[in-house]
Amino acid sequence: MKTNDQHIENTASSSFTNFTSKKTNHTLPAAPITLNSFVYQEYVHTSQKGMKIHFFPTECFYMVYCWSGGAMFFNHGKQKRIRPQESCIIYDAKGSGIFLDFIKTGPSRLFIICFNGGEQMPNDRESTCFYKFKQIFKDCASSKQGFYIGKTNLEIFDKINTITQMRNSNVANEFILEGMLFHIYGLKMIQMKEDQNGTTQYRGFNCWEMQQLQSICEYISSNPAKEYTVEYLCRKTGLGPNKLQKGFKKMHNRTIIDYIRNIRLERALELISTTNMTITEIVYSVGLSSRSYFSKIFKSKYKMSPKHYQQLQKQSQTDSGSFSTLA
């Protein structure tokens, strides 16, 4: 099957100084990033010595996502382990922070998202996202002891991978990042509700399979003009066709063909916006061969023809230039 054209004010800044570690044998690639109710940070820990993480002095949740290696924490005197590609929700009722230990097999890479309830007025708290998440968490049988570890989830994997590649360098990115953080907690909420109702039908992917899926998605994004077949993608990933199709559907809610088509359209939109290439040149540069087909799928996605969009871009640039001259 071919897939060608035919076919902040920083509300927790003071808390950053409260980040502590009983040992110093770990690496913090970047400072914690705060977006209103959220703080997130990536950790690469190179020893087995534990560390304490403390972002907020008030009630909050910590989501610990394990990329590789592993982490452990104690709960009611029992040791609980977070394995690669698993995400764990830990409830910090008093805002005292959490303490993690590490396994002995090598470096551990973690991504931690803290969700803070803040100090809501009694009449307002039931309407907050934090309160609603807390209620689902409390109702989930497997979270009764203050934590929840769900099955591996490709959507969470993909969202966290995207966040690690973004920077909150402008206001627009901050909006996007905060939305993605809510999305991740929403996905965990769905997991908990499915576990509670006994309706989960998700068949997990192991660590290697998830890495192969992520790798091929990045490859397609970087090489949209290449002609792809399912057979080629299976050879490149080592995954069977059914597993590959399920992975794309679960990670992106798209079929393989639809994912590749969408990548090509996004690349075409970028080229129209940033270059002087003609529409025909752009069609071929993104791996398509029919301008009429390209116009059809472009209009279906963006509700205007590529030519109209190109004209709007040129008009916008002209207007901006005129404004600068007048200024």
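The values are calculated or read from the model by the stated rules, or taken from the named source; none is laboratory data. This structure is a prediction, so every number in the text was calculated from the model and none was measured. When we count neighbours, we look across all protein chains shown, and the Cβ atoms used for this are built from the backbone with ideal geometry, even at glycine.
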Any chance Y309 is more than 30 Å from E86 (Cα to Cα) and either surrounded by fewer than 18 Cβ atoms within 10 Å (Cβ to Cβ) or not assigned by TED's automatic domain parsing to the domain that holds Q85 (or both): yes
Given (1) more than 30 Å from I184 (Cβ to Cβ); (2) in contact with a Cys (Cβ under 9 Å, 6 or more places away or on another chain), number of the condition Y259 does not satisfy: (1)
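Rundown of residues vs (1) modelled with pLDDT of 90 or more; (2) in a loop (DSSP other than H, G, I, E, B); (3) touching a His at 6+ places or on another chain (Cβ under 8 Å); (4) more than 16 Å from A93 (Cβ to Cβ), yes/no style:
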| residue | (1), (2), (3), (4) |
| --- | --- |
| Q120 | no, yes, no, no |
| E126 | no, no, no, yes |
| K159 | no, no, yes, yes |
| R167 | no, yes, no, yes |
| G186 | yes, no, no, yes |
Number of the condition not met by Y91 [criteria: (1) part of a strand (DSSP E or B); (2) under 19 Å from K151 (Cβ atoms)]: (2)
Any chance K243 is surrounded by 12 or more Cβ atoms within 10 Å (Cβ to Cβ), outside the structural domain of T162 (by TED's automatic domain parsing), closer than 28 Å to P84 by Cα and basic (K, R): yes
Check on T46, surrounded by fewer than 19 Cβ atoms within 10 Å (Cβ to Cβ), in the same structural domain as L187 (by TED's automatic domain parsing), modelled with pLDDT under 90 and touching a Pro at 6+ places or on another chain (Cβ under 7 Å): yes
